[in-house]
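Each remark here refers to the structure printed beneath this line.
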Amino acid sequence: MNPTNPIGIHALVWAGDTSAESVTRAITQTKKTGYQLLEFSLHDSLNLDVEATRRQLTDAGLRVACSRGLAFTADVSSEDPDTVKRGADLLADSLEITYALGGTHLTGALYSALGKYGKPLSTQGRKNVVSVLQDLASRAAELEMTLGLEVCNRYETNVINTARDALKLADDIGADNVLIHLDTYHMNIEENDLVQPVHEVGDRLGYVHIGENHRGYLGSGHLDFAPFFRALNAIGYQGPITFESFSSAVVASGLSNDLAIWRNLWTDGEDLARHAHQFITEQLFLIRTAA
């Protein structure tokens, strides 16, 4: 593992929206707590002042990544052409916003709505996902950007739930700039362990989310992160490692409902962030010194 893996944090640790005040707080606190990268969720992109945000990110010396899931009314895995088009338009807009912010990674559940589905993915729905993401990947390539397929659990999508599912989808899309995004929170639910999926994905791993099994403080749950970090090292992963945690004390009610955040796992984002940065840094240090 490259010792310069950028350590990131999700903006929802700091604020539940992307108003000017919230963006300034997220950028200031991210810099203050020692992170190199800030990830914005684009669920609130209509309120985001892209130009002002980019200036602040540049002034702070921070890298940026963006993520999003879709809505059931704008879902590229739908069988309804109008619903698919609305989803495709959202993705296209999100890619341009990410580029305008100075980001090179657009990731997340780019392939479906974020929520519990009532039935399995249909054949036509999967075809629609592939077609839309092929077009999006083509535009991303023109911008020298990467798309991430975040592997999410069964309660948040019916499209891909394991690393193997994601690899199959990426193969069908057939674009070199479509990579896999692993998240330890989701892996804990769907995978047999935290190690084999990393090796399965190998050099197609493009983004990593670190999160506890309950989305709270790292090390306070039952996940054993050391083998996961060793696996990242073994495949030579050099991309971002971003801490993600949600609490109903911060996350806006709509997204909180989508993510089933029903309780306050924490109330002090700065303390949480400092602890996470130290935890990740120590894991990276242990891997380097053992090598």
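The values are calculated or read from the model by the stated rules, or taken from the named source; none is laboratory data. Since we're looking at a predicted model, the values are computed, not measured. Glycine also receives a Cβ, built like all others from the backbone with ideal geometry; neighbour counts cover every protein chain displayed.
Among the residues making up the stretch 109-154, those that are of a type outside the set (Lys, Arg), modelled with pLDDT of 95 or more, within 17 Å of Asp183 (Cβ to Cβ) and in a loop (DSSP other than H, G, I, E, B) are Ala109, Leu110, Tyr111, Ser112, Val151, Cys152, Asn153. Restrict the check to the stretch 248-255 and report whether at least one residue is crowded, with 20+ Cβ neighbours inside 10 Å and at pLDDT 90 or above. The answer is no, given that none of the residues of the stretch 248-255 is crowded, with 20+ Cβ neighbours inside 10 Å and at pLDDT 90 or above.
Residues checked against (1) touching a residue at least 24 places away in the same chain (Cβ under 8 Å); (2) out of contact with any helix residue (DSSP H, G or I) (no Cβ under 7 Å at 6 or more places or on another chain); (3) closer than 28 Å to Arg63 by Cβ:
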site	(1), (2), (3)
Ser131	no, yes, no
Cys152	yes, no, yes
His186	yes, yes, yes
Asp193	yes, yes, no
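Condition check: touching a residue at least 12 places away in the same chain (Cβ under 8 Å), within 26 Å of Tyr99 (Cβ to Cβ), surrounded by fewer than 23 Cβ atoms within 10 Å (Cβ to Cβ) and in contact with a strand residue (DSSP E or B) (Cβ under 7 Å, 6 or more places away or on another chain). Does Ala137 satisfy that? Talk me through it step by step, then tell me what you get.
On the way: touching a residue at least 12 places away in the same chain (Cβ under 8 Å): yes; within 26 Å of Tyr99 (Cβ to Cβ): yes; surrounded by fewer than 23 Cβ atoms within 10 Å (Cβ to Cβ): yes; in contact with a strand residue (DSSP E or B) (Cβ under 7 Å, 6 or more places away or on another chain): yes.
Yes; evaluated as a whole, the condition is true for this residue.
It is to be established whether one or more residues within the stretch 232-243 are under 17 Å from Ala15 (Cβ atoms), crowded, with 17+ Cβ neighbours inside 10 Å, modelled with pLDDT of 95 or more and in contact with a strand residue (DSSP E or B) (Cβ under 8 Å, 6 or more places away or on another chain).
Yes, the stretch 232-243 has at least one match.
For the stretch 52-88, name all the residues that are without any contact (Cβ under 8 Å) to a residue 60 or more places away in the chain and assigned to a strand (DSSP E or B). Before the answer, list the steps.
Applying the first criterion (without any contact (Cβ under 8 Å) to a residue 60 or more places away in the chain) to the stretch 52-88 yields 52-62, 64, 66, 68, 70-76, 78-88.
Those that are without any contact (Cβ under 8 Å) to a residue 60 or more places away in the chain and assigned to a strand (DSSP E or B): Val64, Cys66, Leu70, Ala71, Ala74.
Of the residues making up the stretch 114-131, those that are β-branched (Val, Ile, Thr) and under 19 Å from Glu156 (Cβ atoms) number 1.
Filtered by the rule that a residue be surrounded by fewer than 20 Cβ atoms within 10 Å (Cβ to Cβ) and either free of Cβ contacts under 8 Å to residues at least 40 places away in the same chain or part of a helix (DSSP H, G or I) (or both), the stretch 174-183 gives a lone residue, Asp176. Check the stretch 92-101 and report whether any residue there is surrounded by 15 or more Cβ atoms within 10 Å (Cβ to Cβ), at pLDDT 95 or above and farther than 22 Å from Ala141 by Cβ. No, that holds for no residue.
If I go through the stretch 91-108 residue by residue, how many of them are in a helix (DSSP H, G or I), within 18 Å of Arg55 (Cβ to Cβ) and within 14 Å of the chain's Cα centre (by Cα)?
First pass over the stretch 91-108, keeping only residues in a helix (DSSP H, G or I): 91-101.
Right, trim to within 18 Å of Arg55 (Cβ to Cβ) and you get 96-101.
Restricting the remaining residues to those that are within 14 Å of the chain's Cα centre (by Cα) gives 98.
The total comes to 1.
Among the residues of the stretch 134-145, are any of a type in the set (Ser, Thr, Tyr) and within 26 Å of Ile280 (Cα to Cα)? Looking for residues that are of a type in the set (Ser, Thr, Tyr) and within 26 Å of Ile280 (Cα to Cα), one finds none in the stretch 134-145, hence no. Within the set Glu212, Glu200, the sole residue that is farther than 17 Å from Leu70 by Cβ, part of a loop (DSSP other than H, G, I, E, B) and free of Cβ contacts under 8 Å to residues at least 60 places away in the same chain turns out to be Glu212.
Select, from Glu51, Glu39, the only residue that is more than 24 Å from Gln283 (Cβ to Cβ), at pLDDT 95 or above and not small (Gly, Ala, Ser). Break it down into steps so the answer makes sense when it comes.
Working: Glu39 fails: more than 24 Å from Gln283 (Cβ to Cβ).
Step by step, each of Glu51, Glu39 is checked, and only Glu51 is more than 24 Å from Gln283 (Cβ to Cβ), at pLDDT 95 or above and not small (Gly, Ala, Ser).
For the stretch 224-246, what are the residues that are part of a loop (DSSP other than H, G, I, E, B), touching a residue at least 60 places away in the same chain (Cβ under 8 Å) and either touching a Ser or Thr at 6+ places or on another chain (Cβ under 6 Å) or more than 15 Å from Arg288 (Cβ to Cβ) (or both)? Steps first, answer last, please.
Just the residues of the stretch 224-246 that are part of a loop (DSSP other than H, G, I, E, B), to begin with: 224, 235-240, 244-246.
Checking which are touching a residue at least 60 places away in the same chain (Cβ under 8 Å) leaves us with 236-240, 244-246.
Of everything in the stretch 224-246, those that are part of a loop (DSSP other than H, G, I, E, B), touching a residue at least 60 places away in the same chain (Cβ under 8 Å) and either touching a Ser or Thr at 6+ places or on another chain (Cβ under 6 Å) or more than 15 Å from Arg288 (Cβ to Cβ) (or both) turn out to be Gly239, Pro240, Glu244, Ser245, Phe246.
With among the basic types (Lys, Arg) and within 18 Å of the chain's Cα centre (by Cα) as the only criterion, which of Arg63, Arg86 stands out? Just a single option satisfies the conditions, and that option is Arg63. Count of the stretch 1-42 residues, restricted to those that are of a type outside the set (Val, Ile, Thr), under 20 Å from His275 (Cβ atoms) and not in a loop (DSSP other than H, G, I, E, B), is 12.
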